[in-house]
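The values are calculated or read from the model by the stated rules, or taken from the named source; none is laboratory data. Predicted model, so just to flag it, every value in this text is computed and none were measured. Every residue, glycine among them, receives a Cβ derived from its backbone with ideal geometry; neighbour counts consider all protein chains shown.
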Ligand SMILES: [Zn+2]
């Protein structure tokens, strides 16, 4: 048994039991337990951790906790560069793709609106979400930390915000998605890429005001919906303006 002192920083405290938040606390770790085991044993998913400092040195998840260790655990850094230190999480996926759990339909729809491939099916059980995430290189988005506390999850994000617009902002900021957004390129219902279509080919299906005012149209090959950059899209783009600069 090893008795170590832990301190968690910033939003990682949200996952801890109240008496352990924003202060040092002692934790009894099993013999040869890794620091990843210890961190997840208090409820913090490993996907949320960016940096671990043990007795002044940065360590990785495989570090074995020893008696008397003092361990500080930090979330994703936004404000300052930690490049010289050891990051414990894998690099973000180059081509960001997502799988959203059943509670995050509003977020999934908004990510699709920005063009991101986002799988969402509110009937998928947790083990199927994990399996498809691994097989298709998708980042899991969830408000269920237990879904992330699992050995086979490499890319995941716990979503702190409750409302879809704030959830989108949180994910775009955390994963720095702004420059990768391709708005108006993916079906909001089917998640398949849209194809450009001539106005003449869809003219008889357009409301008169749209037929007069719009020139760009795209079509979903799966459901046959027609898309154009309308008011809803413009409002969303305005709300996210800072990410597109
Ligand atoms: Zn569709």
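Miscellaneous remarks
- Qualifying residue in segment 125-148 (condition: buried (at least 17 other Cβ atoms within 10 Å of the Cβ) and within 16 Å of the ligand (Cβ to nearest atom)): no
- Hey, residue 223 within 16 Å of the ligand (Cβ to nearest atom), at pLDDT below 95 and over 30 Å from residue 46 (Cβ atoms) or not: no
- Among the conditions (1) in contact with a strand residue (DSSP E or B) (Cβ under 7 Å, 6 or more places away or on another chain); (2) over 20 Å from residue 141 (Cα atoms); (3) modelled with pLDDT of 95 or more, residue 21 misses just one, which is (1).
- Residue within segment 78-95 that is surrounded by 13 or more Cβ atoms within 10 Å (Cβ to Cβ), in contact with a helix residue (DSSP H, G or I) (Cβ under 8 Å, 6 or more places away or on another chain) and either at pLDDT 95 or above or not in a loop (DSSP other than H, G, I, E, B) (or both) present: no
- Verdict on residue 167 being on the phi > 0 side of the Ramachandran plot, away from the ligand (no atom under 16 Å from the Cβ) and under 14 Å from the mean Cα position of the chain (by Cα): no
- Taken over segment 177-206, the criterion of being part of a loop (DSSP other than H, G, I, E, B), at pLDDT 90 or above and either surrounded by 11 or more Cβ atoms within 10 Å (Cβ to Cβ) or within 16 Å of the ligand (Cβ to nearest atom) (or both) is satisfied by 185, 187, 188, 189, 190, 191, 192, 194, 197, 206.
- Verdict on residue 216 being more than 16 Å from the ligand (Cβ to nearest atom), over 25 Å from residue 129 (Cα atoms) and touching a strand residue (DSSP E or B) at 6+ places or on another chain (Cβ under 9 Å): yes
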